[in-house]
1. Just to confirm a number: summing +1 for Lys and Arg and -1 for Asp and Glu over residues other than Thr58 whose beta-carbon lies under 12 angstrom from that of Thr58, what do you get?
2. What are the extents of the Cα atoms of region 36-82 along their three principal axes, in Å, largest first?
3. Among 69-82, 46-59, how do they line up by average Cβ neighbours within 10 Å per residue, starting with the highest?
Amino acid sequence: MYDILKVNSNGEKHLEKIEDTSLSVEQYIEYMIRLNEANKDGNGSISLEEFIEAMGKTNFTNAEKNALWKSRGWKDKNNPYK
């Protein structure tokens, strides 16, 4: 599990937790960079479309993408990585 301190657009701090992934620290950093790049509107919230775009720029396996999808709490029926 990784905990990372993030600050949203309102300046509020929170910890983001990623559990049940096989990501290395380097992959996790790449994940965070890709999400930040994909956040086109800059609101700090990642839409399904932004997430899918971000994952398309990684070399993560579908199993890793699936674990990251689930960590966001999104419905499995919309998960393109299962």
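1. Working: positive: Arg34, Lys57, Lys65; negative: Glu26, Glu30, Glu37, Glu53, Glu64.
Net charge in that neighbourhood comes out at -2.
2. 28, 23, 14 Å, listed from the longest principal axis down.
3. Values: 69-82: 12.6, 46-59: 15.1.
Highest to lowest by the protection proxy: 46-59, 69-82.
Coordinate-derived values only; no laboratory data. What you see is a predicted model, and the numbers here were worked out from it, not measured in a lab. Here Cβ is always computed from backbone atoms with ideal geometry, including for glycine, and neighbour counts include all displayed protein chains.
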